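Asker: Structure below; questions to follow.
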Amino acid sequence: MDFLTGLTNLTNWMGNVIMPTLAGLFFVIAVLRFARGVPFQYSMYAGLAALLISGILRAIETFSQQRAWNDPDAVWVTLLGLVNWSANVILPLYGALQVLIAVLHYGGAGFRLYPGTLWGRHIVAAMCCFGLSGLLRLAEFFVEQGAGGLS
């Protein structure tokens, strides 16, 4: 076994086994601290961070396995897949969440919790999310149409 294979196996083990296990431990600590009436937020945030690390590692593994390790375009295809996934999945979901928040703020929900929140800011954020997602999809369409060369 060479060094790179060992490092890959260690990374997979840490991200897929150890971090979710630590997340569960941190969540148990948070519940126990909550039951005692002491501050529990740090343990809860540590558990969420451990899950995020595991999820980010799995996402990077998925994006990087699209090409062979010795392909010179592997980094570009990985970055392109990340941007494509972010623009086609994350931005529309975040835009829908911003519309929901704007409707709730316009209706007066949470006005005692977040005084001074403008609902228009959330509408503009949603429009930016949907607009950027649409522009990236349009650019993707034109790139696919032009892949055959100029005629």
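Asker: Exactly one of these conditions fails for GLY37: (1) surrounded by fewer than 16 Cβ atoms within 10 Å (Cβ to Cβ); (2) assigned by TED's automatic domain parsing to the domain that holds LEU135. Give me its number.
Answerer: Every condition holds for GLY37 apart from (2).
Asker: State which residue pairs qualify: first residue under 25 Å from GLY134 (Cβ atoms) and inside segment 95-109, second residue modelled with pLDDT under 80 and among the β-branched types (Val, Ile, Thr) in any location, beta carbons under 7 Å apart, and separation of 6 or more residues or different chains.
Answerer: Sorted first by the residue in segment 95-109, then by its partner, the pairs are HIS105/THR117.
Asker: Step by step: first the residues of segment 107-139, then only those that are at pLDDT below 80 and in a helix (DSSP H, G or I), then the one that is nearest to the chain's Cα centre (by Cα). Which residue is that?
Answerer: Filtering first and then ranking leaves TRP119.
Asker: Here's something else I'd like to know. Report whether or not ASN70 is part of a loop (DSSP other than H, G, I, E, B) and free of Cβ contacts under 8 Å to residues at least 40 places away in the same chain.
Answerer: Taking the combined requirement at face value, the residue satisfies it.
Asker: Still on this structure: Determine, yes or no, whether ALA96 is at pLDDT 90 or above and surrounded by fewer than 16 Cβ atoms within 10 Å (Cβ to Cβ).
Answerer: Judged against the criteria, ALA96 is a match.
Asker: Shifting gears a bit: Within segment 51-67, take every residue that is in a loop (DSSP other than H, G, I, E, B) and in contact with a helix residue (DSSP H, G or I) (Cβ under 6 Å, 6 or more places away or on another chain) and give me the one that is surrounded by the fewest Cβ atoms within 10 Å (Cβ to Cβ).
Answerer: Only one residue fits best here, namely GLN66.
Asker: Sticking with this one: Could you run through segment 36-50 and say how many residues are of a type in the set (A, V, I, L, M, F, W, C) and either at pLDDT below 90 or not in a helix (DSSP H, G or I) (or both)?
Answerer: 2
Asker: Among the residues of segment 30-51, is there at least one that is within 29 Å of ARG137 (Cβ to Cβ) and free of Cβ contacts under 8 Å to residues at least 12 places away in the same chain?
Answerer: Checked segment 30-51: no residue is within 29 Å of ARG137 (Cβ to Cβ) and free of Cβ contacts under 8 Å to residues at least 12 places away in the same chain.
Asker: Which of the residues that make up segment 42-98 are of a type in the set (Asp, Glu) and closer than 29 Å to LEU22 by Cα?
Answerer: GLU61
The values are calculated or read from the model by the stated rules, or taken from the named source; none is laboratory data. Since the model is a prediction, treat every value here as computed from it, not as a measurement. Because the Cβ atoms are built from the backbone with ideal geometry, glycine has one as well, and the counts that use them run over all protein chains shown.
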